[in-house]
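The block underneath contains the structure these notes are about, expressed in structure tokens.
What follows draws every value from the coordinates through simple rules; no lab data is involved. Nothing here was measured: the structure is a model prediction, and the numbers come from that model. Please note: Cβ atoms are built from the backbone with ideal geometry, for glycine as well, and neighbour counts cover all protein chains shown.
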Amino acid sequence: MNVELRQLQALVAVVDEGTFTDAGITLGTSQASVSRSIAALEQALGTRVLHRTTRQLSLTRAGARIVEHARRALEEVAALQRVVDHDELRVGFAWSALGAHTTAVQQRWSADHPDTPLVFVQSGTTTSGLGEGLADVAVLRRPLEDRRFHTALVGVEDRYAALATGDALARRRSLVLADFVDRTIAVDQRTGTTTEELWPPHLTPTRTREVHGTDEWLTLIAGGQAVGITAAATVQQYRRPGVSYRRVRDAPPVPVWLAWWHNNPPPLAGQLLRLVCEVYGSAPTPNPRQARTPPKPRTARNTRAPES
């Protein structure tokens, strides 16, 4: 039996994302490459791991057991990589790191920990590279219910609309959710912070358009094909000609979380958590679904971005 790591990664990605195409996007490869990896895995194991139809993918009985072993194997490999890379602390993010606070955190970290560089790594996965072994700590702006990871709320950020500069709404100083009822909303289902649930039922936008990642999102908006709703951090990190940002004053704020492996936290995770909370002006609040006796949270200060 000759099972390769990429084959296990492909299986886990297909199960998590639901399609070969989405698994390919997550892994940064093609749908065909994912399909070949699954076929090679089945050949190596001598059994089918997936039922394939034109409309649905599902695990076989053997596949359901195999995918759990695959997850554990990938976790162990990621742990080995963290041992090798102990001389730096990698922080994964999907969209905009820590926004306006990114530079301040980097500078203060360098002063306090000169022997351990803080490296920010962008990854368009649901765990911002944490589950894939690309990061030791992840910045998340959507809840992570996976109990393999510990999460702590470090702050909240205002929501902003991203509009083509020539859009009539861009002439206003601020907006409300009702302004978008007749608009097409660009949505990144995998890592974005905006879904149709952001709007009350009677104000839900009539159209959404799925995108994958920040660059595709901004390109669509700059071309006037859609509008976007995002966290203030995006405003700070992604200034682009042709795109204007306006605060959405009645939208709920975006929570910002730090996450790491529950059973294998990086040695300096606690120091990073305290530092990030300081710059956000908050106290760390554990995910109540993960903490057995969560402390009473303090209200985090909203992070706002200048309008442009």
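Numbers at a glance
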quantity	calculated
Mean Cα-pair separation over length for the chain, i.e. relative contact order, pairs under 8 Å, 6 or more apart, %	20
Stretchable slack from ARG209 to ARG52, in nm (0.36 nm times residue separation minus alpha-carbon distance)	53.8 nm
Taking the convex hull of Cα positions in region 131-173, its mean projected area over all directions (nm²)	5.3
Among beta bridges that DSSP assigns inside region 1-126, antiparallel share in %, nearest 5	40
Gap separating the Cα centres of region 231-268 and region 146-208, nearest whole Å	12
Estimated [θ] at 222 nm from DSSP helical runs (n ≥ 4, -39500 (n - 2.57)) normalised by residues in the chain, nearest 500	-10000 deg cm²/dmol
Of LEU175, ALA138, THR60, farthest towards positive along the dipole that unit charges on Lys, Arg, Asp, Glu beta carbons give the chain	LEU175
Angle in degrees between helix 102-112 and the longest Cα principal axis of the chain, rounded to the nearest 10	70
Long-range HN-HN contacts of VAL121 with modeled amide H, under 5 Å	VAL91, GLY92, PHE93
Net charge of Cβ neighbours under 10 Å - reference ASP22; Lys, Arg +1; Asp, Glu -1	-1
Scattering curve values for region 25-94, log₁₀ I(q)/I(0), Debye with Cα scatterers, q = 0.17 Å⁻¹	-0.84
Beta bridges per DSSP with both ends in the chain, % antiparallel, nearest 5	60
Additional length obtainable on full extension of the chain from GLU76 to ASN2, 0.36 nm per residue less Cα span	24.8 nm
Space enclosed by the convex hull of the alpha-carbon atoms of the chain, per residue, Å³	153
Burial order of peptide ranges 199-210, 263-274 (average beta-carbon count within 10 Å, highest first)	263-274, 199-210
